[in-house]
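Below is one structure; the comments refer to it alone.
Bear in mind these aren't lab numbers, they're just calculated from the coordinates by the rules spelled out. Everything quoted here is computed from the prediction, not taken from an experiment. With ideal geometry, Cβ positions are generated from the backbone for all residues, glycine too; neighbour counts draw on all protein chains shown.
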Amino acid sequence: MIMQIHHIQVDDNLSHRNIHMSDKIFLDNWSTTSNPYQAPEIRKTYLQGEVFGHPNFQEGDKVYTSHIVQSEGRWIKTSSGSEYILGQPHPNYITWCEDHNITLNPDNPIIWR
């Protein structure tokens, strides 16, 4: 299956400036990760990326989140209680998804079960 992922547009109301004004944490250049040494049935999914608007980090710092517990559209909640708005995925993550025949939906990029 050949698939094409186009550049994902982030709505104007999710820009870095507006995210800060509404006290949301914005994660850009993101990808998912997990512990490959855990059994698949207990494996948790984490995010990594560049953070903006987080009170404990500098703008653009690379962060690794706690595991995802909830998602809706581009909004993600982690086990620590942090909430993130996803920006652009990392180009390498897009390539990985393409290589594994995974469709990356720009409106709902993380499918959480």
Residue within segment 46-53 that is assigned to a loop (DSSP other than H, G, I, E, B) and farther than 16 Å from Ile111 by Cα present | yes
Criterion (under 11 Å from the mean Cα position of the chain (by Cα) and of a type in the set (Ser, Thr, Tyr)) met by exactly one of Thr103, Thr45 = Thr45
Consider only pairs whose beta carbons are under 7 Å apart and that are at least six residues apart or on different chains; among these, list those whose first residue lies in segment 99-110 and is hydrophobic (A, V, I, L, M, F, W, C) and whose second residue is in a loop (DSSP other than H, G, I, E, B).
-> Leu104/Ile5
What tally of residues in segment 61-82 results from selecting those that are loosely packed, with under 12 Cβ neighbours inside 10 Å and part of a loop (DSSP other than H, G, I, E, B)?
-> 2
In the list Ile85, Ile111, which residue meets the criterion of being part of a loop (DSSP other than H, G, I, E, B) and out of contact with any Asp or Glu (no Cβ under 9 Å at 6 or more places or on another chain)?
-> Ile111
